[in-house]
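In what follows, a single structure is set out as structure tokens and then discussed.
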Amino acid sequence: MNKNINREAALALLIEYNENEALINHGIAVSGVMAHFAVIEKEDPEYWGIVGLLHDLDYGKYPMEHCVKVVEILKDHGYDDDFIQSVVSHGYGICSEVEPTHQMEKILYAIDELTGLITACAYMRPSKSVNDLEVKSVKKKFKTASFAAGVDREVITSGSEIAGYSLEDLMKETILGMRGVADDIGLGNREN
């Protein structure tokens with residue numbers, strides 16, 4: 001990755017290509033989770049976080065070309081092939097044929113859909129926060145197919161397997177990662 005590229009530039013790029021606040025918040029949530037997992041995996045949290053931040057970069061303007069248009073956009077902004085592969089691999093089997101091979105890519109694949117489920121679970125809580133959300137609540141909603149029906153549970157399940165985490169541990173660590181950015185994504189503590 002180009003050394004001139006940093007989180008602030010990545011966030012500006014995400015905002016440039018995504019006007020929808022939910023998409024921006026999703027990028028920030030995934031970024032927080034990826035940075036959290038980077039610490040667990042003894043990797044670079046800033047790099048992993050930027051991959052998470054930009055994983056859906058092309059979705060807002062080019063939803064029908066998701067994981068395709070992003071290649072051109074990232075190349076134009078100085079991102080290298082390894083970074084681009086990591087971003088594109090999160091859509092494996094859905095909108096991309098690039099398989100996640102590195103641990104960072106496997107975790108991104110596993111937690112992308114899961115952050116959506118956790119966000120939906122948080123919205124259902126009286127607090128509307130991830131700060132008091134427990135794994136058992138997420139597991140219960142995970143088993144209810146009609147809840148957050150757009151969330152692909154099979155991707156989460158297969159992702160946890162390829163990343164080497166139990167589903168429960170994946171949920172626990174994803175919640176903890178989202179707590180780190182809770183205020184930034186509107187899921188922090190709120191005044192009632």
Taking the stretch 57-111 as the search range and keeping residues that are part of a helix (DSSP H, G or I) and touching a Cys at 6+ places or on another chain (Cβ under 6 Å), which one is farthest from residue 5 (Cα to Cα)? 91
Those residues that are surrounded by 13 or more Cβ atoms within 10 Å (Cβ to Cβ) and either touching a residue at least 40 places away in the same chain (Cβ under 8 Å) or of a type in the set (Lys, Arg) (or both), I need them from the stretch 140-157; list them, please. 141, 152, 153, 155, 156
Check the stretch 121-134 and report whether any residue there is within 18 Å of the chain's Cα centre (by Cα), modelled with pLDDT of 95 or more and over 21 Å from residue 21 (Cβ atoms). no
Can you give me the number of residues within the stretch 158-184 that are in a helix (DSSP H, G or I) and surrounded by fewer than 15 Cβ atoms within 10 Å (Cβ to Cβ)? 3
Out of 70, 98, 87, I need the residue that is in contact with a Ser or Thr (Cβ under 9 Å, 6 or more places away or on another chain) and touching a residue at least 12 places away in the same chain (Cβ under 8 Å). Which one? 98
Scan the stretch 93-114 for residues that are more than 19 Å from residue 33 (Cα to Cα) and surrounded by 22 or more Cβ atoms within 10 Å (Cβ to Cβ) and jot them down. none
Got a number for residues in the stretch 112-150 being outside any helix (DSSP H, G or I) and farther than 22 Å from residue 48 by Cβ? 16
I'd like to know if the stretch 77-85 contains one or more residues that are at pLDDT 95 or above and among the small types (Gly, Ala, Ser). no
Report whether or not residue 69 is among the basic types (Lys, Arg) and either closer than 22 Å to residue 181 by Cα or surrounded by 14 or more Cβ atoms within 10 Å (Cβ to Cβ) (or both). yes
I'm checking my understanding of the structure. Among residues of the stretch 24-66 that are charged (D, E, K, R) and touching a Lys or Arg at 6+ places or on another chain (Cβ under 7 Å), which one is surrounded by the fewest Cβ atoms within 10 Å (Cβ to Cβ)? 46
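The values are calculated or read from the model by the stated rules, or taken from the named source; none is laboratory data. The shown structure was predicted, so the numbers you read here are calculated from the model rather than taken from an experiment. Glycine also receives a Cβ, built like all others from the backbone with ideal geometry; neighbour counts cover every protein chain displayed.
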